[in-house]
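The values are calculated or read from the model by the stated rules, or taken from the named source; none is laboratory data. A quick note: this is a predicted structure, and the numbers were derived from the prediction, not measured. For neighbour counting, all protein chains shown are included, and Cβ atoms are generated from backbone atoms with ideal geometry for every residue, glycine included.
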Amino acid sequence: MVFIVAFVLFLYIAYRLYQHFFPAPIIDVRGKYVLISGCDSGFGNTLAIELDRKGFNVFAGIYNPASKDTLINQLSSRATIFQLDITRREHIDAAYDLVRKKTNTLHALVNNAGIISTGYIDWIKTETIRQVMDINFFGHVDMTKTFLPLLITKPDSRVVNICSIAGFISPPSASAYCASKYALESFSDCLRREMVAWGLRVSIIEPGIMRTPIIGKYATSASELQAQLPVDVQERWGDEFFKTYFESTKKNILLKYAEDPIKVVRALQHAVESTAPRTRYRPGWQSEFLFFPLSVVPAWLSDLFYEKTRIIRVPPAGVKKQLKP
């Protein structure tokens, strides 16, 4: 058994080394159109700039109209910048009409827009979970279904979905975000398997924690959370627990050593440009060497990891009031 595991591991490492040293050629970018959501900042913004430099015709969707002037100065005259809230049907329909005026064929759709929400399940509102699902999942579903006819006019077009390590492992205090990413992962797998006859490629990007604006919002949302909670919830957990929770969030070692987001952008570029895009990309050491292995070990072992690394030594105030078994 050990020999078989070692042999499989050897084959995997050899294959990855081969991919690294002998990469597949890139496509001919001439006349290729790429639509990217969430280009205000972060991965989407940098990807739009990089693909534009390579010669792609970029459709850059932005959520905040104020982002347009900055992006105009960063992109060439080939690019088209427009407002896109992927939770609004009228925005998606307007984007479709805009694309159709320029081309009947879309080379790639990059579903990038997203938000994060933190807090234990007992703390967050159901409406918050719905909002996260609307943006991180249903919005991408609507975009994919809307633009699918333009993607399958030729084989080798592709859908690239930015998921996360939260799509294959669920840390505490991230239930809404994890649920949305798990949903997008399974949607992507179904789409890839259903569209084989059309030659549509579907790639999933699964980064760890990267130094992006969304990480700054993670700490901010955690610190603002307690004041928004109902009184009974605050009493159930207690001020001391919340204080310890917020302090531990600030000291999270993985947030401290968040990785360079260019790793994700390079994975996105490969998924769009390569003649042999991968099904899954795990850019960065956190995703590849920590969280993915942690996701395939027995559940008790991954539970133990989170218990030891995210331990809050102060028990919730309400634990003392529990009935005896």
Select, from T105, T70, the only residue that is polar (S, T, N, Q) and free of Cβ contacts under 8 Å to residues at least 60 places away in the same chain. T70
Which of the residues belonging to region 172-207 are more than 17 Å from F147 (Cα to Cα) and either modelled with pLDDT under 95 or aromatic (F, W, Y) (or both)? P172, S173, A174, Y177, Y182
Of everything in region 208-253, what is small (G, A, S), at pLDDT 90 or above and over 30 Å from T279 (Cβ atoms)? Give them in sequence order. G238
Do the conditions hold for R78, that is, is it within 18 Å of L109 (Cα to Cα), surrounded by fewer than 15 Cβ atoms within 10 Å (Cβ to Cβ) and of a type in the set (K, R)? yes
Do you know which residues across region 243-284 are under 18 Å from the mean Cα position of the chain (by Cα), in a loop (DSSP other than H, G, I, E, B) and of a type outside the set (A, V, I, L, M)? D260, P261, P277, R278, T279, R282, P283, G284
Test: I26 is within 25 Å of D156 (Cα to Cα) and over 19 Å from the mean Cα position of the chain (by Cα): yes
Some residue of region 5-13 being at pLDDT 95 or above and of a type in the set (A, V, I, L, M): no
Give the residue that is surrounded by the fewest Cβ atoms within 10 Å (Cβ to Cβ), with candidates limited to residues of region 242-290 that are among the basic types (K, R) and touching a helix residue (DSSP H, G or I) at 6+ places or on another chain (Cβ under 8 Å). K250
If we scan region 40-48, do we find a residue that is farther than 15 Å from A95 by Cβ, part of a loop (DSSP other than H, G, I, E, B) and aliphatic (A, V, I, L, M)? no
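For (1) more than 20 Å from L184 (Cβ to Cβ); (2) in contact with a His (Cβ under 6 Å, 6 or more places away or on another chain); (3) modelled with pLDDT under 95, each residue gets a yes or a no:
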site: H20; (1), (2), (3): yes, no, yes
site: P23; (1), (2), (3): yes, no, yes
site: L35; (1), (2), (3): no, no, no
site: R53; (1), (2), (3): yes, no, no
site: Y63; (1), (2), (3): no, no, no
site: A79; (1), (2), (3): yes, no, no
site: A94; (1), (2), (3): yes, no, no
site: I115; (1), (2), (3): no, no, yes
